[in-house]
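A.B. asks: Right, I'll just put the structure down here and ask away after.
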Amino acid sequence: PPVPIAPPQLMAVGATYLWIQLNANSINGDGPIINREVEYRTVSGTMYDLQPVDKTSHKIGHLDPDTEYEISVLLTRPLEGGTGAPGPPLRARTKCA
């Protein structure tokens, strides 16, 4: 299954959002890529979410201010064993409110 080689890139930061570039063009494994998802969690481990993405950049909203998050990209190909492991994580902190 496909796995991104590089972590997502941080494009913009606010108190309640992180805007990322998926950076999912270079992969290990086989394509074609039919689905992309962004997985994110607080570094403290209290919150986890998975969001489908249909563009190369994505805004993760409704986040807590001054909190550190770990963000990874998951890629899916057709057929069996389609979704690969999460790619390398990006660690980013939201701004203070």
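The values are calculated or read from the model by the stated rules, or taken from the named source; none is laboratory data. Predicted, not measured: the structure shown is a model, and the values here were computed from it. Here Cβ is always computed from backbone atoms with ideal geometry, including for glycine, and neighbour counts include all displayed protein chains. Protein only, heavy atoms only, side chains kept; ligands, DNA and RNA dropped before computing areas. Shrake-Rupley method; radii C 1.70, N 1.55, O 1.52, S 1.80 Å.
A.B. asks: Quick check on H58: is it touching a residue at least 24 places away in the same chain (Cβ under 8 Å) and outside any loop (DSSP other than H, G, I, E, B)?
C.D. replies: Considered against the rule, which asks whether it is touching a residue at least 24 places away in the same chain (Cβ under 8 Å) and outside any loop (DSSP other than H, G, I, E, B), H58 comes out as yes.
A.B. asks: Moving on. State whether the residues of region 70-89 include one that is loosely packed, with under 13 Cβ neighbours inside 10 Å and assigned to a strand (DSSP E or B).
C.D. replies: no
A.B. asks: Step by step: first the residues of region 1-59, then only those that are of a type in the set (G, A, S) and more than 12 Å from the chain's Cα centre (by Cα), then the one that is nearest to P88 (Cα to Cα). Which residue is that?
C.D. replies: It comes out as S26.
A.B. asks: Then there's this: Of everything in region 1-56 that's among the aromatic types (F, W, Y) and either touching a Gly at 6+ places or on another chain (Cβ under 9 Å) or under 12 Å from E70 (Cα atoms) (or both), which residue is most open to solvent (accessible area, probe 1.4 Å)?
C.D. replies: In this case the residue turns out to be Y48.
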